[in-house]
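Notes for the one structure printed next.
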Amino acid sequence: MKTILMAGATGFIGSHLIGEFLENNFGVVILKRSFDNTVRIKDYLSDIKTYDTDKTDLAAVFSEQKIDIVINLVTNFGRGAANKPSEITEANILYGLKLIEAATAGGAQCFFNVDSALKPEVNLYAYTKRAFREIIGKYFSDQIKIMNLKLEQVYGENDDLFKFIPMTVSKFKKNEPLDMTAGEQKLDLVYINDCVSAFVFLVQNADKYAGKFNSFEIGSGKTILLKEFIQKIKEKLGSKSAINFGAIKYRPDEQMYSKANLSSIEGWQPKYGFDQGIDQLIK
C-alpha cells in the first residue's frame with residue numbers, strides 16, 4: 001500500500017480526493033494548519049494521519065512517515081482579504097518549494113503539482129502558478145518525478161462561496177439578482193467527480209510515465225459559453241433571479257477561451273457532461 005501526503009487537503013478538491021484515495025487502498029497523510037476548518041474532512045479524520053504545519057517541521061513528517069507520493073493542493077487565489085502579493089507568492093511558490101525540497105530529501109517517489117489552465121497574464125494567482133511550474137521543472141525534475149496537473153475550472157459541491165459558480169448557485173436559490181460579464185467566455189468547466197477520477201487515475205499509473213516532468217491538462221475536453229452554463233443552472237433551479245449580463249466589465253486580460261487537451265491521459269475520460277454536472281451540483 002502506497003502512502004500519499006496531501007498539502008491543502010482541507011480545501012475543495014482535497015476534501016473530495018481523500019475519500020477516493022482511502023477507497024482505493026492508499027494510506028493518506030495530510031498537512032494542515034492548526035486553525036484550519038476541517039468540517040469538509042470530518043468523516044475521514046479517524047482514518048488518516050494529520051500534521052499541523054505551524055507546529056511540525058516538514059522534515060519531521062518525512063522522517064516519521066514513509067511517503068511515496070506528495071500532492072500539493074495549497075493555493076491562494078488572491079481573493080478577499082488574502083490578496084496581498086506577498087501572501088499569494090508565499091502560498092503558490094514558497095510553500096511549494098519547501099514541500100518539494102522536503103519530499104526530495106525524504107525519499108518520496110513522485111510530486112504532484114496542481115497547476116492552473118489560466119493564462120499567466122490574467123492575474124497574480126495564474127502568474128505564480130506558472131512560475132512555480134517552471135521552477136520545479138527546471139530545478140527538481142532530475143531529483144523526483146513530477147506530475148503537473150493543469151486544471152480547467154472545477155465546480156461541484158462544497159466549494160468556497162467566493163468562487164463564481166457556487167456564489168451564483170447561492171444567489172439563484174435565494175432569487176437574488178446576479179451581476180456578471182457578458183458571459184461570452186467559451187470555457188472548459190469540469191465537474192469535481194471527473195477531476196477527482198483523473199487524479200486517482202494518474203496516481204495509480206504514475207509509475208508508467210517514464211519522463212521526469214510530465215504535464216497533463218485536466219478538464220471536460222469540451223467548451224460551453226459561460227452565459228449558457230449560468231442560464232442552465234438558473235433553469236434547473238427554477239430561479240426567478242435576474243441575470244444582468246454585461247454589468248461587470250471583462251478584465252483587461254480576460255481569458256475568453258480554454259479547453260483541455262485530454263490526449264496526454266490515455267485511458268481516462270470524463271463521465272459528466274455539463275447537464276449531468278449541474279444536476280449533481282444543485283442537488
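Values in this text are rule-based calculations from the coordinates and carry no lab data. A quick note: this is a predicted structure, and the numbers were derived from the prediction, not measured. Reconstructed Cβ throughout: ideal geometry from the backbone, glycine too, with neighbour counts over all protein chains shown.
Would you mind checking which residues have amide H under 5 Å from Ser116's amide H? H placed 1.01 Å from N; only 5 or more apart, or other chain.
Hits under the 5 Å cutoff: Leu151.
What is the dipole size for the range 3-281, taken about its Cα centre, with +1 at each Lys and Arg Cβ and -1 at each Asp and Glu Cβ, in debye to the nearest 20?
540
Ranking request for peptides 202-208, 123-129: highest mean number of other beta-carbon atoms within 10 Å first, then the rest in descending order.
Ranked from most to least packed, the peptides come out as 123-129, 202-208.
Take the Cα pairs of the range 139-283, get the Kirkwood Rh, then feed it into Stokes-Einstein at 4 °C and 1.567 mPa s and tell me D in µm²/s.
Answer, rounded: 78 µm²/s.
Taking a ≥ b ≥ c as the square roots of the eigenvalues of the Cα gyration tensor of the range 3-281, is the shape rounded (a/c under 1.5), prolate (a/b larger than b/c) or oblate?
Prolate, since a/c reaches 1.5 and a/b exceeds b/c.
Sort out for me the Cα centre separation of the range 84-155 from the range 43-59, rounded to whole Å.
Answer, in whole Å: 21.
Only Cα pairs under 8 Å and at least 6 apart count here; give the relative contact order of the chain as a rounded whole percent.
It comes to 17 percent, rounded to a whole number.
Give me the distance between the Cα centres of the range 244-282 and the range 172-231, rounded to whole Å.
Value for the Cα centre distance between the two parts: 5 Å.
How large is ³J(HN,Hα), in whole Hz, for each residue of the range 93-99 in order, when computed from phi with the Karplus curve 6.51 cos²θ - 1.76 cosθ + 1.60 and θ = phi - 60°, using x for Gly and Pro?
These are the phi-based 3J(HN,Hα) values: 10, 5, 4, x, 5, 4, 5 Hz.
I'd like the FRET efficiency for Leu97 and Ala210, computed as 1/(1 + (r/R0)^6) with the beta carbon distance as r and R0 of 22 Å, rounded to 0.05.
My answer for the efficiency is 0.30.
On full extension of the chain, what length is gained from Glu266 through Glu176, given 0.36 nm per residue of separation minus the C-alpha to C-alpha distance?
Difference between extended and current length: 28.1 nm.
What's the magnitude of the charge dipole for the range 187-266 around its Cα centre, counting Lys and Arg as +1 and Asp and Glu as -1 at the beta-carbon? Answer in Debye, nearest 20.
Once rounded to the nearest 20, the dipole reads 360 debye.
When a/c is below 1.5 the answer is rounded, else prolate if a/b is larger than b/c, else oblate, so apply that to the range 1-66 with a ≥ b ≥ c taken from the square roots of the Cα gyration tensor eigenvalues.
Verdict is oblate for the range 1-66.
Out of residues 5 or more away from Gly27 or on other chains, whose amide H comes under 5 Å of its own, with H placed 1.01 Å from N in the peptide plane?
It is Lys2, Thr3, Ile4, by chain and number.
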